[in-house]
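The values are calculated or read from the model by the stated rules, or taken from the named source; none is laboratory data. Only a predicted model underlies this, so the values are computations on that prediction, with no experimental measurement involved. Quick reminder, even Gly has a Cβ in these numbers, built from the backbone with ideal geometry, and neighbours come from all protein chains shown.
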Amino acid sequence: MRIEIGILLALAALCGNGAAQSFVNLNFEQSDINSGTSESGFNTANVPGWTEYNGYGDANYSGGMTVVYNTQTLDDSGIALEGTNYWTPAIQGKYSILMFGGTIYAQNSTNGASIGQTGQIPLTAQSIIYWGNEFQVTFNGQPLSSTALSSTPNYTIWGADVSAYADQTGELLFTATWPNGGGLLDNIQFSPSPVPEPSALSLSALGGLLLAWRRRKTQAI
């Protein structure tokens, strides 16, 4: 399983550098921190290529979105750019996006928070990979089912099948659902390799856990 994931990530890096890739700033490293602050007193950052939806206090400009920097909302849905010196630091490089769908006490929106970008999925792409928490992911309004490929103490690597949309142009949308959905997002890549199927060893381990659970349940009756 680890070998499969290593190959998948290596191929993703090659595919992400191809000429067919029209999406930009997929790792958020092209973002710029603004020298001033917003009306609410928070620092802000410009994130090229992306459009925000329902982020409290956030806004869009002609080439991207402006979001708060190194902070986050408490109850309302929100989008923020986080650096390495925040209490939930960037996963990779200098920056990651933090999205929060809001709590049941949100006063401004119960639609969650989203970021999207319109571009062309590479012709050779079979899957999309992203690092962080699980999000609701769609392309042109069609849901993409995320599968956990690998986990670390700080984040999970997720993959989803995009083979049906290869060479198509549309909006790629990541949504932190209401209530309480979301987390960090980083390192979005397209890969020419399909999402790995669970290995026989993984399925065997899962079967063993289910068998042990059934035995314990039977003994407890």
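Quick check, is THR110 modelled with pLDDT of 95 or more and among the β-branched types (Val, Ile, Thr)? Here the answer is no, as THR110 does not meet what is asked. For THR103, are the conditions met, namely being exposed (fewer than 15 other Cβ atoms within 10 Å of the Cβ), among the polar types (S, T, N, Q) and within 23 Å of TYR155 (Cα to Cα)? No, not satisfied.
Scanning segment 138-163 for residues that are small (Gly, Ala, Ser), over 19 Å from GLN117 (Cβ atoms) and without any contact (Cβ under 8 Å) to a residue 60 or more places away in the chain yields SER145, ALA148, SER151, SER163.
Considering segment 8-60, the residues that are over 24 Å from GLN189 (Cα atoms), assigned to a strand (DSSP E or B) and touching a strand residue (DSSP E or B) at 6+ places or on another chain (Cβ under 7 Å) include one that is modelled with the lowest pLDDT, namely THR37. Among the residues of segment 42-59, the ones that are more than 11 Å from GLN117 (Cβ to Cβ) and either surrounded by fewer than 15 Cβ atoms within 10 Å (Cβ to Cβ) or touching a Phe, Trp or Tyr at 6+ places or on another chain (Cβ under 8 Å) (or both) come to 7 in all.
In segment 147-193, the residue that is nearest to the chain's Cα centre (by Cα) out of those that are assigned to a loop (DSSP other than H, G, I, E, B), farther than 18 Å from GLY101 by Cα and hydroxyl-bearing (Ser, Thr, Tyr) is TYR155. Tell me whether segment 114-122 contains one or more residues that are farther than 14 Å from ILE188 by Cβ and of a type outside the set (S, T, N, Q). No, every residue in segment 114-122 fails to be farther than 14 Å from ILE188 by Cβ and of a type outside the set (S, T, N, Q). If you go through segment 129-144 and keep only what is part of a strand (DSSP E or B) and in contact with a Gly (Cβ under 7 Å, 6 or more places away or on another chain), you end up with ILE129, GLY132, PHE139. Residue count for segment 81-114 under the criterion of being assigned to a strand (DSSP E or B), in contact with a Ser or Thr (Cβ under 8 Å, 6 or more places away or on another chain) and hydroxyl-bearing (Ser, Thr, Tyr): the result is 1. Scanning segment 92-123 for residues that are of a type in the set (S, T, N, Q) and in contact with a Leu (Cβ under 9 Å, 6 or more places away or on another chain) gives SER96, THR103, SER114, GLN117, THR118. The listed residues are LEU149, LEU185, and the only one of them that is touching a Pro at 6+ places or on another chain (Cβ under 8 Å), aliphatic (A, V, I, L, M) and buried (at least 17 other Cβ atoms within 10 Å of the Cβ) turns out to be LEU149.
Applying a threshold of 7 Å to beta carbon distances and a minimum spacing of six or more residues, or different chains, the list of pairs starting in segment 98-116 at a residue that is on the phi > 0 side of the Ramachandran plot and ending at one that is outside any strand (DSSP E or B) and at pLDDT below 85 reads GLY102/SER109.
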